[in-house]
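Have a look at the structure below, then the notes.
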Amino acid sequence: MTSVDKVPVTILTGFLGAGKTTLLNHILSKQHGMRIAVIENEFGEIGIDDALVINADEEVFEMNNGCICCTVRGDLIRILGNLMRRRDKFDHILVETTGMADPGPVAQTFFVDDEIREMLRLDGIVTVVDAHHVLLHIEQSNEVREQIAFADVILLNKADLVEPDQLDELEARIRKMNALARIHRTINADIDIPTVMDLGGFDLDRVLEQRPDFLQKEYPFEWAGAWHLPAGAVELRYGEGPDPFIGAMLIPLNGDSDADLDKAISIAELAFGREGKRVSAGAKWVPDRRVVNLKVPETGERTVTLLIPTDGLYALFTEHGPEEFGLRLEKAGAQLVPCKHREFAAAHSHDDEITSVGITLEGALSEEKVNRWLGPLLASKGQDILRTKGILNIAKDKRRFVFQAVHMLLDGGPDRPWQSNEKRQTEIVFIGRNLDRDELTAGLKGCLV
Ligand SMILES: Nc1nc2c(ncn2[C@@H]2O[C@H](COP(=O)(O)OP(=O)(O)OP(=O)(O)O)[C@@H](O)[C@H]2O)c(=O)[nH]1
């Protein structure tokens, strides 16, 4: 299949509340003659975006429960595969990521999966930037920096909320993070569709130049070594390291070929995805198919005794390279040298501090009480509460009240009437740091009539 026949894909990214859905709605409502299939990935305990995306003829596929760049990448590949069986129905695919996604691994999907690469081509990464909040986000979020660095096109959105000279400064700052992206200033993500949808190809060479390991698969461990180990006790010694606990796993190998190590790698990948067990200093470790979390000492060294069941070849996988925490194996005071070892690109990590709290509540709310609760709540906690979205059941109103906020900027109003087959209930989701579920739930309950 030539590049022309392949279906173009656009990845739409940008931090929480930057304006991705606004851009999506703009694209879906314009007459551009393109038939677009949309794949959406939402962060948050309750999916509200459904209510915020306009009804369009285009097909929208939702992916919830996980971030597109990690756990649901398999889902993305499956949905893309299904779409390709009906490829006569559309001309372009748009993948909207969550505000928390690192676009790198999503983009990587289009280069490393053979079937996908055969049928689809990444047209580009479009990053929407919230001009009003982006400086705060650049400081706090690695994902935002990645979203800007990977972009082919950047929309410097919400230009109406920022003075022109501040916009100039912002643009200069972003330019430093990505010298080649095309930057457009927008209000309500209002932009010519070809400017974002017809870029003619994601610039893989540019990305490879900046990140030579872009196409390298990521692993949940950084290092593996193979040793011939004698049956009985072997000492594993280590010292201070980069994390309070470091995961490790010992697996018997059938032989010392690359294929044998590859087999062990697959086992270790699965095991590192599950919760590990802890062993304390001085404890005995009998190798099984579980990861052991080694407690790292604040000073000095620790020893864990490995009980090797039979003479043979074993592979030890570790979350960090051995030199990072002084790891070595010893038998009767003599160091054992691995017969081979391999290094792996480590998986990216997320800002784990950002979580979501979803609340569903029956009973009608007083609009006045909601205003009295929500406004001050967002004003006082606006630094921590990054994003709020909700569908409210307001007393004596036939219509749903749909609202959303980015930090403390609120936006919303009455929406369509509640349907007869629909449960009248309030659904609200908060995304941010230090969220107190009980306090938020109590606050919402206090708005009941
Ligand atoms: N003032 C102003 N508000 C905007 C602009 N663009 C979008 N908004 C508002 O910003 C809020 C968030 O916009 P969305 O498009 O939902 O943002 P998003 O990136 O899809 O948000 P998540 O999916 O939660 O990450 C909405 O209330 C929009 O109406 C703009 O250019 N100016």
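The values are calculated or read from the model by the stated rules, or taken from the named source; none is laboratory data. Because the structure is predicted, anything quoted here is derived from the model rather than measured. Here the Cβ positions follow ideal geometry from the backbone for every residue, glycine too, while neighbour counts run over all protein chains shown.
Before we move on, is Ile265 surrounded by 13 or more Cβ atoms within 10 Å (Cβ to Cβ) and outside any strand (DSSP E or B)?
yes
Which one of Arg78, Arg117, Arg85 is in the same structural domain as Arg182 (by TED's automatic domain parsing), modelled with pLDDT under 80 and surrounded by fewer than 16 Cβ atoms within 10 Å (Cβ to Cβ)?
Result: Arg78 is the single residue among Arg78, Arg117, Arg85 that is in the same structural domain as Arg182 (by TED's automatic domain parsing), modelled with pLDDT under 80 and surrounded by fewer than 16 Cβ atoms within 10 Å (Cβ to Cβ).
State whether one or more residues within segment 288-295 are modelled with pLDDT of 90 or more, within 16 Å of the ligand (Cβ to nearest atom) and in contact with a Leu (Cβ under 9 Å, 6 or more places away or on another chain).
no
Does Leu156 meet the test of being farther than 20 Å from Gly19 by Cβ, outside the structural domain of Leu386 (by TED's automatic domain parsing) and in contact with a Lys or Arg (Cβ under 6 Å, 6 or more places away or on another chain)?
No; evaluated as a whole, the condition is false for this residue.
Under the condition of being of a type in the set (S, T, N, Q) and more than 12 Å from the ligand (Cβ to nearest atom), which residue from segment 382-405 is farthest from the chain's Cα centre (by Cα)?
Asn393
Under 7 Å by Cβ, and 6 or more places apart or on different chains, what pairs join a residue from segment 167-194 that is touching a residue at least 24 places away in the same chain (Cβ under 8 Å) and over 16 Å from Gly14 (Cβ atoms) with one that is within 15 Å of the ligand (Cβ to nearest atom) and not in a helix (DSSP H, G or I)?
Going by the 7 Å Cβ cut-off, the qualifying pairs are Leu167/Ala131; Leu167/Leu156; Leu167/Arg185.
Take the residues in segment 406-432 that are without any contact (Cβ under 8 Å) to a residue 40 or more places away in the chain and within 10 Å of the ligand (Cβ to nearest atom), then tell me which one is surrounded by the most Cβ atoms within 10 Å (Cβ to Cβ).
Per the criteria, the residue is Gly412.
Listed here are the residues, each with its yes/no results for (1) surrounded by 14 or more Cβ atoms within 10 Å (Cβ to Cβ); (2) within 23 Å of the chain's Cα centre (by Cα).
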| site | (1), (2) |
| --- | --- |
| Ala181 | yes, yes |
| Val207 | yes, yes |
| Gln210 | no, yes |
| Phe214 | yes, yes |
| Trp223 | yes, no |
| Ala248 | yes, no |
| Pro252 | yes, no |
| Glu269 | yes, yes |
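Could you check, for segment 345-357, whether at least one of its residues is charged (D, E, K, R), away from the ligand (no atom under 16 Å from the Cβ), modelled with pLDDT under 90 and out of contact with any His (no Cβ under 9 Å at 6 or more places or on another chain)?
Checking segment 345-357: at least one residue is charged (D, E, K, R), away from the ligand (no atom under 16 Å from the Cβ), modelled with pLDDT under 90 and out of contact with any His (no Cβ under 9 Å at 6 or more places or on another chain).
Is there a residue being under 22 Å from the mean Cα position of the chain (by Cα), assigned to a helix (DSSP H, G or I) and assigned by TED's automatic domain parsing to the domain that holds Met119 anywhere in segment 12-19?
No, that holds for no residue.
Looking at Ala101, Ala107, can you tell me which residue is part of a helix (DSSP H, G or I) and either of a type in the set (A, V, I, L, M) or in contact (Cβ under 8 Å) with a residue 60 or more places away in the chain (or both)?
Exactly one residue qualifies, and that residue is Ala107.
Going through Ile187, Ile174 one at a time, which residue ends up being surrounded by fewer than 16 Cβ atoms within 10 Å (Cβ to Cβ), touching a helix residue (DSSP H, G or I) at 6+ places or on another chain (Cβ under 9 Å) and among the hydrophobic types (A, V, I, L, M, F, W, C)?
Ile187
Scanning for something at pLDDT 85 or above, assigned to a loop (DSSP other than H, G, I, E, B), in the same structural domain as Leu409 (by TED's automatic domain parsing) and under 15 Å from Gly443 (Cα atoms), does segment 373-380 turn up at least one residue?
Checked segment 373-380: no residue is at pLDDT 85 or above, assigned to a loop (DSSP other than H, G, I, E, B), in the same structural domain as Leu409 (by TED's automatic domain parsing) and under 15 Å from Gly443 (Cα atoms).
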